[in-house]
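**Q** Shown below is the structure under consideration.
Derivation of every value follows stated rules applied to the coordinates shown; laboratory data play no part. Because the structure is predicted, anything quoted here is derived from the model rather than measured. Cβ coordinates were reconstructed from backbone atoms using ideal geometry, including for glycine residues, and neighbour counts include every protein chain displayed.
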Amino acid sequence: MRKREKEGFGPVVYLLFAALTFLTFAVSVSLGSVRVPLGDTVGLIWHALWRLPLPETASSPSIILAVRLPRVLSVALTGASLSLCGGAMQGLLRNPLADGSPLGVSSGASLGAVIAIAFGLTVPSLPFAGTMVMAILFAFLSLIIILALAYKLDYSLSTNTIILIGVIYSMFVSSIMSFIITYASDRVRQITFWTMGSLNGSSYGNALVLLITLLVFGGVILAHARELNAFAIGEENAHHIGINTRRIKLIIMISVSVLIGVSVSIGGTIGFVGLVTPHMVRMITGPNHKRLFPASLFGGAIFLMLADLLARMLLNPIELPLGVVTSFVGAIVFVFIFYRARKTGRA
Amino acid sequence: MLDVRDLTVRYGDLTILDRISFQVNPGDWLMIIGPNGAGKSTIIHAVSQVAPYQGEILLKGRNIRDYKAGHRAQLLGVLTQHHPLNYPFSVEEVIRLGRYAYAPWIFSRSDDEGEAYIQRAIEQTGLGSMLKQSILTLSGGEIQRVFLAQLFAQNPNILILDEPANHLDLVYQKQTFGLLKDWLKKPDRAIVSVVHDLGPARAYGERALLLNKGKVEAQGPIGEVLTEANLNRVYGMDVFAWMRNMLGQWQN
């Protein structure tokens, strides 16, 4: 009998991914308005990690430890979360152009966050919880509204329908957002931040929340790689081979909403990461989610760290919002993918 | 094994199926026959729980709605007619998913018995040489064979087939019907299939359900259902004369 090949990656590939991610991480922390040699950065992180006394020679430890480290950590975790979400939605909806941003889920989440800010909704004793809960809630509501509309219009959930509804929904959401901005004009700056997307000023607390969310809900998504393979082949076929399709869909949609909701509540809408990374990763790993998901996690972290680096360095000392960079790159890639898919008749 | 009672399907004001009842017993091969739009595929959609319906469908004496998805899939497998594919999964990945119902959790112990079913399914459908090929590069007939292999790997007790020979050339058509006939020889198995082509339906089916405009026109042993009077009435033409005429083309 032929020996069965393992569908996932071996340990060597994981080590390679980890090394690449760490390298990007270290470079990302070193570079910026103040440059710190790469060796010093790694040394500083090492010392801080083991709570050793900081070496005398270290240049500007406070910039590294208090500002850049938590920020780059948050960037990496957000990138990993958003890419995993994109990969999961693309598999679930059998559509390579699905993702939080074209679908309008992230704009829905940011509407939730904006409402929380404008109306001062907070949970006592937890300063961030108000925006976070609202962002998650609105992300989930948006997903349900969009999918319900799409199913009503076109049961097969074709690319065109999804994009059309996503665009209409995003416009609808932004009109409400403009309305709120007019109403709560004293908080315009804070609100604009959410619509642009930036992880400037993220704290270790933010990174921790992102990490826990990714471990729990990312873990749930990773555990359903095989079901998502079946969805990606065909929802009806998935039903026939014994998958409870409604339950899986709900589990994935809730996980995606929480991940996107938390990401948006911390970093605002960072568009197209979830679309572009899994798509590029799929070209290399193939569509099997047992390989696609782990590769997307690392790929998303690397992609967003590089985008963040670009946002900081391009017009140094002026910093661009991260969402501007990713949307700029992402929109171009999106058109390219759409064009290619149409040419091969797969959209 | 399968007991369908007063199956009714309506889309708005339109009645697609009107109080259809039939039974499938072990060893049966039931052919669902009828002209276009008679409701043949709708029966399959209802039985496989894809389309909403009224009435009762009992699988091994229990309402099919009460089964968990995985348990249902171990008893009842479905081959659909259309497979809209979007991603380049390999032939092997698709076939292996047929075992999902037996090991649904990532931590489920390895399904050794399943490996044997998978290998046999690959052999039977002649797909051994294209296991690594992307399903997007396959022809319609090859895709049909991949999903047939997945169904054999799933190994349910009842096969529900919507046009199993669709897209297949003559060689594979003959082979597929032969395969299904062999499959049926083991105990506690049955097949329900929608077949367009009256020739193979008559040759392989034991019983038939003749449908017309959502109503049962006749059912019973295939010889008693596919009579000249029944077919001419349902199809509105002289079916026997047409079939003889077609056959006559090959006499010389």
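**Q** Over chain B, what portion of Cα pair distances is larger than 35 Å, expressed as a whole percent?
**A** Looking at chain B, the distances longer than 35 Å represent 17 percent of pairs.
**Q** What is the mean number of Cβ atoms from other protein chains located within 10 Å of the Cβ atom of each residue in peptide A:242-249, rounded to a whole number?
**A** Going residue by residue through A:242-249 and averaging, the value is 5.
**Q** Shifting gears a bit: Hey, what number do you get for chain A at 222 nm if only DSSP H runs of n ≥ 4 count, each worth -39500 (n - 2.57), divided across all residues, to the nearest 500?
**A** Theoretical 222 nm ellipticity from helices: -23500 deg cm²/dmol.
**Q** Could you give the C-alpha radius of gyration of region A:214-347 expressed as a fraction of 2.2 N^0.38 Å, taking N as the number of residues it contains?
**A** Taking N as the residue count of region A:214-347, the ratio is 1.18.
**Q** When DSSP beta bridges are limited to those with both residues in region B:133-252, what percentage is antiparallel, rounded to the nearest 5?
**A** 55 percent
**Q** OK, next. Any chance you could tell me what percent of the C-alpha pair distances in chain A go past 27 Å?
**A** Tail of the P(r) past 27 Å holds 46 percent of the pairs.
**Q** Region B:193-252: which chymotrypsin sites (Phe, Trp or Tyr not before Pro) are DSSP loop and have at most 11 other beta-carbon atoms within 10 angstrom?
**A** Listed in order of number, the matching sites are B:250.
**Q** What base-10 log of the normalised intensity I(q)/I(0) is obtained for region B:1-141 from the Debye formula, alpha carbons as equal point scatterers, at q = 0.10, 0.13, 0.20 Å⁻¹?
**A** The calculated log intensity ratios at q = 0.10, 0.13, 0.20 Å⁻¹ are -0.47, -0.77, -1.27.
**Q** Taking N as the number of residues in region B:72-137, what is its alpha-carbon radius of gyration divided by 2.2 N^0.38 Å?
**A** Working it through for region B:72-137, the quotient is 1.19.
**Q** Here's a follow-up. Amide H neighbours of residue B:19 under 5 Å, at least 5 residues apart or on other chains, H built in the peptide plane: list them.
**A** Result for residue B:19 returns B:8, B:9.
**Q** Please report, to one decimal in angstroms, the Kirkwood hydrodynamic radius of region A:235-299 built from all distinct Cα-Cα pairs.
**A** One over the average 1/r among Cα pairs gives 13.7 Å for region A:235-299.
**Q** If you don't mind, another one. If you look at just the Cα atoms of region A:126-232, how large are its Rg and its Dmax in Å?
**A** 17.4, 49
**Q** What are the residues whose amide H is under 5 Å from the amide H of residue B:217, where those residues sit 5 or more places off or on another chain and H is modelled from the backbone?
**A** Under 5 Å from the amide H of residue B:217 lie the amide H atoms of B:210, B:211, B:212, each far enough along the sequence or on another chain.
**Q** By DSSP, what percent of the beta bridges with both residues in chain B are antiparallel, rounded to the nearest 5?
**A** Of the beta bridges lying entirely in chain B, close to 55 percent run antiparallel.
**Q** If you don't mind, another one. Using the alpha carbon gyration tensor of region A:84-123, what are the three equivalent-ellipsoid semi-axes (square root of 5 times each eigenvalue), largest first, in whole Å?
**A** Here the semi-axes work out to 28, 9, 5 Å.
**Q** Here's a follow-up. Tell me the Kirkwood hydrodynamic radius of region B:100-196 in angstroms, computed as one over the mean inverse distance between distinct C-alpha pairs.
**A** 14.5 Å
**Q** If you place +1 on the Cβ of every Lys and Arg, -1 on the Cβ of every Asp and Glu, and leave all else neutral, what size is the dipole of chain B about its Cα centre, to the nearest 20 Debye?
**A** 260 debye
**Q** Only helices at least 18 Å long along their axis, Cα-based, and averaging -1.0 or more on Kyte-Doolittle count here, so list those DSSP H runs from chain B.
**A** Those that clear 18 Å and a mean of -1.0 are B:140-154, B:170-183.
**Q** With springs connecting C-alpha atoms under 10 Å apart, model chain A as a Gaussian network and identify which of A:71, A:51, A:189 has the largest mean-square fluctuation.
**A** A:51
**Q** To check you understand DSSP bridge types, tell me what percent of the beta bridges within the protein assembly as shown (both residues inside) are antiparallel, rounded to 5.
**A** Of those bridges, close to 55 percent are antiparallel.
**Q** Could you work out the local net charge near residue B:162, counting Lys and Arg as +1, Asp and Glu as -1, over the other residues with Cβ closer than 12 Å to its Cβ?
**A** Local charge sum for residue B:162: -1.
**Q** On average, how many beta carbons from a partner chain sit within 10 Å of the beta carbon of a residue in B:79-90?
**A** What the average comes to for B:79-90 is 6.
**Q** From the phi angles alone, apply the Karplus equation (6.51, -1.76, 1.60; θ = phi - 60°) to region B:23-39 and give each ³J(HN,Hα) in whole Hz, x where the residue is Gly or Pro.
**A** Running phi through 6.51 cos²θ - 1.76 cosθ + 1.60 with θ = phi - 60° gives 10, 10, 10, x, x, 6, 10, 8, 9, 9, 10, x, x, 3, x, 6, x Hz.
**Q** Kindly count the pairs of lysines across chain A whose alpha carbons are less than 29 Å apart, treating pairs on different chains or eight or more residues apart as eligible.
**A** 7
**Q** Evaluate Rg over Rh across region A:275-347, taking Cα atoms for both radii and Kirkwood's formula for Rh.
**A** My calculation puts Rg/Rh at 1.06.
**Q** Something else: Other chains' Cβ within 10 Å of B:68-74 residues: what's the mean?
**A** 4
**Q** What is region A:166-324's relative contact order, in percent, from Cα pairs under 8 angstrom and six or more apart in sequence?
**A** Once normalised by length, the contact order is 30 percent.
**Q** Right, another one. Residue B:80: net charge of surrounding residues, Cβ under 10 Å, Lys/Arg +1, Asp/Glu -1, itself excluded?
**A** Taking every other residue near residue B:80 into account, the sum is -3.
**Q** Would you tally the net charge around residue B:238, using a Cβ to Cβ cut-off of less than 14 Å, leaving residue B:238 out, and scoring K and R as +1, D and E as -1?
**A** +1
**Q** GNM, chain B, Cα, under 10 Å: largest mean-square fluctuation among B:116, B:241, B:149?
**A** Answer for the Gaussian network model of chain B: B:241.
**Q** Provide, for chain B, the number of lysine pairs with alpha carbons under 25 Å apart, each pair being eight or more places apart or on different chains.
**A** 12
**Q** Here is a further query. Provide the packing ranking of B:85-91, B:51-57, i.e. peptides ordered by the mean count of other C-beta atoms within 10 Å per residue, highest first.
**A** So the peptides B:85-91, B:51-57, ranked by packing, come out B:85-91, B:51-57.
**Q** Within chain A, which whole H helices from DSSP have a Cα span along their axis of at least 18 Å and a mean Kyte-Doolittle hydropathy of 0.5 or more, if any?
**A** A:11-30, A:69-92, A:105-118, A:129-153, A:159-183, A:245-267, A:289-313, A:322-343
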